[in-house]
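Each remark here refers to the structure printed beneath this line.
Nothing in this text is a laboratory measurement; each read-out follows from the coordinates by a stated rule. These figures come from a predicted structure and were not determined experimentally. No Cβ is skipped: glycine too gets one built from the backbone with ideal geometry, and neighbour counts run over all protein chains shown.
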Amino acid sequence: MAEAQKDSWHRRVIEAKGGTMAIFTAIAISVGGLVEITPMFSAKLGPEHLAGVTPLTPLEAAGRDIYIREGCFTCHSQMIRPTRAEMLRYGEWTRAGEYEYDHPFLLGSRRIGPDLQRVGGKYPDAWHYQHMKDPRSTSPGSVMPTYPWLYTAKVDPLEVAATVRTLRKVGVPYDDQTIADIPQQIQAEGTAIVASLKTGGFTAAPDDEIVALIAYLQRLGKDGTAAIKAGATKAPAP
Amino acid sequence: MATVPSPDATPSQAAPARALSAGVYDDAIVKLFFTATVTWALVGMLLGVFIALELAWWPANAGIAQLTFGRLRPLHTNAVIFAFCGNICFTGIYYSMQRLLKTRMWNDTLSRLHFWGWQLIIVSAALTLPFGLTQSHEYAELIWPIDWAITIVWVIFAINFFGTIAVRKVDHLYVAIWFYMSFVITIAVLHIVNNLQIPATLTRSYPVFGGLTDALVQWWYGHNAVAFFLTTPFLGLMYYFLPRAVEKPVYSYRLSIIHFWSLVFLYIWAGPHHLLYSAVPEWAQTLGMVFSIMLIAPSWGGMINGLLTLRGAWDRVRTDPILKFMVVAVSFYGMATFEGPLLSIRAVNALGHYTNWIIGHVHSGALGWNGMLSFAILYWLYPRLFGRPLAKPEWVTTHFWIATTGIVLYTVSMWAGGLTEGLFWRAIDATTGQLRYPVWAYVVEKLAPFYWMRLAGGTLFFGGVVLMALNFIISARAARATTPATGDVLPARA
């Protein structure tokens, strides 16, 4: 304590002054964030655009809202790391441009279940329908809960319109036509999935929540995989 | 004495403070926050036990949507971080600030608005998250109307906080106040920037940032919620309550200055270590890793300053359960802040990321550091604040051992479970060059024993909190039965 009892200059100038302490603290905590985050808004330093990645359809966006509502991201990641084991298990590592229209991002931080970045097209629609109803019927040993309410709840086109309109406000390039035709698009896309479910022996309505969720899951990673195959990619980070 | 930057740690100094407390200090607000802390500790940890059960035994949600893991996990994290830890921070800040600055809180109405506003926010979290109303950003899940409420309540708190500093009766600002200040300022900045959202409906909104920019902003927030909600205010609490409990001044003033400035400067850079191996620009990932490793120095500076404050008093750790809690808390702080930088190293992160190891890591911090320090403060405050002794002082030691055993079971099971997962996932068959364990659920099944062991550890830790709450309730009843409550008069020091 002897050192403190001397009335040192820094004590008089900084530590005994509330305002100075507050300002210095605010400066100290701002530097790191400014250095790391602001370059993300620069075209050169920020995430790269990936040609061929397009926004979700209204039904897929509705499915994404369900994915968020159920907290799927608490157990499933959407980020494949550039390691040999991950690429064997899931496919190509995830490129920055694949997330371009993700508001919010859904990378996840824990894998209680497997990564879903490239789950689109991996299984038939009927597999997902069965999986959400009884996960152990498709994946014995799974600890995933059942989601029976997805089979009775309906997608509300007005809610989807609110989603799509807001996503446009934050920069997702939806055109006026897409926004005007939301109910018809939900019907059309949903009907296609219902038809594919029928071949698997399941009946559903085009506006069932499970149909929207399947639409979203089947879209995951498709644009990115196609773009990567077409060669629009760089070498992985070391 | 005014220039000595130390809390009123010696008995001779404590005596006038005690006389002042009856009239000058607002201890009623401290009692409110105290009660809220114990209440939310019970709720938050019970939720933790329940979701731990859901991973060990999936039918636990009984088919009810509101009880699924995906919806309750955010409620658990929010309840523990913002309800339990938040309320203990406010308890300690309102108690210690008035005494360190020798003045009542600047405005009693603002204190009450802060208290009731904060509790209302917690209740609204419990009424929204189970219904799937979430923004999905970790620790920033609450929907936009609640975000606005948080902003307003935080501004109220900040005005009261800086108002109290402005009207202080002592010249110096003790080190605990600096840490509180960094909490008030940084949480405001983090909360506002990470919740820049455009509302779609009353309950849904979408962030203005997208993709990896959103991810980087979120983990800048997420990691610094750990730093400035679970670390700096708790270090402030340590700097006040540890010297008070030990009745010795803090070991080194100079070390506290150095470790304060280096901690608040370095911590903010560490966020990108949550995004290692993602497509976030590599320079940002490397900065996150390097600054995380550098963080060992200021973190351990705080740990060393705390532990060395006990110099010459180590014999009391054997007999005083409050000091036991404090020593274990500071030790866990040291361990967690060593493990964090370790996990930030790319090669280690490649194994640990996405696994239970991370869950073990955060719980060695949350249970060991935040939990144990909070219990020490609650037990230390109880007789001083409520003016009555604990009815069952021997239960405090029991609580300590139950909680410590619980933490050990929790962290060991999650380390083992995490390494198991990480190694199974990456195992490649040397002859075929293919994955050795391609079936995901095979690995999930291997984790069941670890999940049960974690559940046992968590249940023990929760049981300790139940014992603490019972102790407080029995003490209140015993006091009511003998003498009518007399308010803020303290009993003789035990």
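Quick one: Cα centre-to-centre distance for region B:219-245 and region B:319-345, in angstrom?
13 Å
Given axes a ≥ b ≥ c from the Cα gyration tensor, I'd like to know whether chain B is rounded (a/c under 1.5), prolate (a/b larger than b/c) or oblate.
Judged from the Cα gyration tensor, chain B comes out prolate (a/c at least 1.5, a/b above b/c).
Please list 3J(HN,Hα) in residue order for region A:35-42, calculated via the Karplus relation 6.51 cos²θ - 1.76 cosθ + 1.60 where θ = phi - 60°; whole Hz, with x for glycine and proline.
Once rounded to whole Hz, the list reads 5, 7, 8, 4, x, 5, 8, 8.
If you rank A:Leu88, B:Leu216 by fewest surrounding Cβ atoms within 10 Å, what's the result?
Ranking A:Leu88, B:Leu216 by Cβ neighbours within 10 Å, fewest first, gives A:Leu88, B:Leu216.
Given a cut-off of under 8 Å on Cα pairs at least six residues apart, what relative contact order in percent is computed for chain B?
16 percent
Please arrange B:Ile293, B:Ile165 by counting, for each residue, the other beta carbons lying within 10 Å of its beta carbon, fewest first.
Starting with the residue having the fewest Cβ neighbours, the order is B:Ile293, B:Ile165.
At a Förster radius of 30 Å, what calculated FRET efficiency corresponds to the Cβ-Cβ distance of B:Ile345 and B:Leu308, to the nearest 0.05?
0.60
Calculate the spin-label point distance for A:Ala195 paired with B:Ser331, positioning each point 7 Å from the Cα along the beta-carbon direction, and give it in nanometres.
Label at B:Ser331, label at A:Ala195, 6.8 nm between them.
Just to compare against my own numbers: the Cα pair-distance distribution for chain A, 5 Å bins, whole % per bin, please.
Going out from 0 Å in 5 Å bins, chain A shows 1, 6, 11, 14, 15, 14, 11, 7, 5, 4, 4, 3, 3, 2, 1, 1, 0 percent.
For chain B, take the longest principal axis of its alpha carbons; what is the angle in degrees between that and the long axis of helix B:321-344, to the nearest 10 within 0 to 90?
Helix B:321-344 sits at roughly 30 degrees to that axis.
Among B:Gly86, B:Leu455, B:Gly210, whose Cα sits farthest toward the positive end of the charge dipole of chain B (+1 at Cβ of Lys/Arg, -1 at Cβ of Asp/Glu, about the Cα centre)?
Farthest towards the positive pole: B:Gly86.
If you put +1 on each Lys and Arg Cβ and -1 on each Asp and Glu Cβ, how big is the dipole of chain A around its Cα centre, in Debye rounded to 20?
It works out to roughly 800 debye.
Rank the residues A:Leu158, B:Leu367 as a footprinting-exposure proxy: fewest other Cβ atoms within 10 Å of their Cβ go first.
A:Leu158, B:Leu367
Can you give the charge dipole size of chain B about its Cα centre, rounded to the nearest 20 debye, using +1 on the beta carbon of Lys and Arg and -1 on the beta carbon of Asp and Glu?
Taking the Cα centre of chain B as origin, the dipole is about 1140 debye.
Pop out the ³J(HN,Hα) list for region B:455-471 in order, Karplus 6.51 cos²θ - 1.76 cosθ + 1.60 with θ = phi - 60°, rounded to Hz; leave Gly and Pro as x.
With coefficients 6.51, -1.76 and 1.60, one gets 4, 4, x, x, 5, 4, 4, 5, x, x, 5, 4, 4, 5, 4, 4, 4 Hz.
For the pairs A:Lys122/A:Lys198; A:Lys154/A:Lys198; A:Lys17/B:Lys102; A:Lys154/A:Lys222; A:Lys133/A:Lys198; A:Lys122/A:Lys229, flag any whose C-alpha to C-alpha distance is greater than 23 Å.
Correct reply: A:Lys154/A:Lys222.
Separation between the B:Ile192 and A:Ser8 pseudo-spin-labels, each 7 Å from Cα along Cα→Cβ, expressed in nm?
So the two model labels end up 3.3 nm from each other.
Per residue of the protein assembly as shown, what 222 nm ellipticity follows from adding -39500 (n - 2.57) for every DSSP H run with n ≥ 4, rounded to the nearest 500?
-20000 deg cm²/dmol, from helical runs alone.
Taking square-rooted eigenvalues a ≥ b ≥ c of the alpha carbon gyration tensor, is the protein assembly as shown rounded, prolate or oblate, where a/c under 1.5 means rounded and, failing that, a/b exceeding b/c means prolate?
prolate
Amide H neighbours of B:Ser205 under 5 Å, counting only residues 5+ apart in sequence or on other chains, H built in-plane at 1.01 Å?
Answer set, sorted by chain and number: B:Ala200.
Over what distance in Å are the Cα centres of region A:59-111 and region B:279-311 separated?
About 29 Å separates the Cα centre of region A:59-111 from the one of region B:279-311.
Please give the contour-minus-distance gain from A:Ile179 to A:Leu34: 0.36 nm per residue of separation, less the Cα-Cα distance, rounded to one decimal in nm.
Gain on extension, A:Ile179 to A:Leu34, equals 48.6 nm.
May I ask you to evaluate 6.51 cos²θ - 1.76 cosθ + 1.60, the Karplus curve with θ = phi - 60°, for each residue of region B:88-96 and list the ³J(HN,Hα) values in order in whole Hz, giving x for glycine and proline?
5, 4, 5, 4, x, 5, 5, 6, 7
Would you mind giving the three semi-axes, in whole Å and largest first, of the ellipsoid equivalent to region B:332-441 according to its Cα gyration tensor?
42, 14, 8
Can you give the FRET efficiency to the nearest 0.05 for B:Thr286 and B:Arg436, using r as the Cβ-Cβ distance and R₀ = 35 Å?
The calculated FRET efficiency here is 0.65.
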